[in-house]
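A short write-up of the structure that comes next.
The values are calculated or read from the model by the stated rules, or taken from the named source; none is laboratory data. As the structure is a prediction and not an experimental result, all values here were calculated from the model. Cβ placement follows ideal geometry from the backbone for every residue including glycine, while neighbour counts extend to all protein chains displayed.
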Amino acid sequence: MRKWLAMVVVVAFAGLTLAGAGEDKPKYTISEVMKEAHKSGLYKKVAEGKADQDEKEKLVDLYTSLPKNEPPKGDKKEWKKQTEAMLKAAKGALKDDKTEAKKLLKLVNCKTCHGKFRED
């Protein structure tokens, strides 16, 4: 009986550990986010108030991955701060907060971000 109980505890712990490990893994890579959110112009459409609800949700979904990714170079804390600010603005836009939506235009600065975090 004790062996069986011990085995159940071990299996349950392993399952919880594996389930929790997947939570921090980003759904999208940095490259995927850049392509789908920036190169496509999606973030700009959201910032200018021209996006529909599905597009706003897509941007939030994409930006949720950025802080979970590790930058190729640069300060990880600064990366997290920058990408979380982008996510916050996208979430604000999702709730029709025009002030937060407009922040995206300032926060998404390709040259600055690439200079700090992108390896050439």
Quiz item: Among the residues of region 60-78, is there at least one that is over 17 Å from K27 (Cα atoms), assigned to a helix (DSSP H, G or I), more than 11 Å from the chain's Cα centre (by Cα) and of a type outside the set (K, R)?
Solution: yes
Practice problem: For A93, indicate whether it is part of a helix (DSSP H, G or I), buried (at least 19 other Cβ atoms within 10 Å of the Cβ) and modelled with pLDDT of 95 or more. | Solution: yes
Quiz prompt | Criterion: basic (K, R) and either at pLDDT below 50 or loosely packed, with under 10 Cβ neighbours inside 10 Å (or both) - qualifying residue of K35, K45, K25, K50 | solution = K25
Exercise. Please name all residue pairs, on different chains or six or more residues apart, with Cβ atoms under 6 Å, provided the first residue is in region 32-50 and is of a type in the set (K, R) and the second residue is at pLDDT 95 or above.
Key: K45/A51
Practice problem: Please go through region 79-109 and pick out each residue that is closer than 16 Å to K25 by Cα and among the charged types (D, E, K, R). | Solution: K80, E84
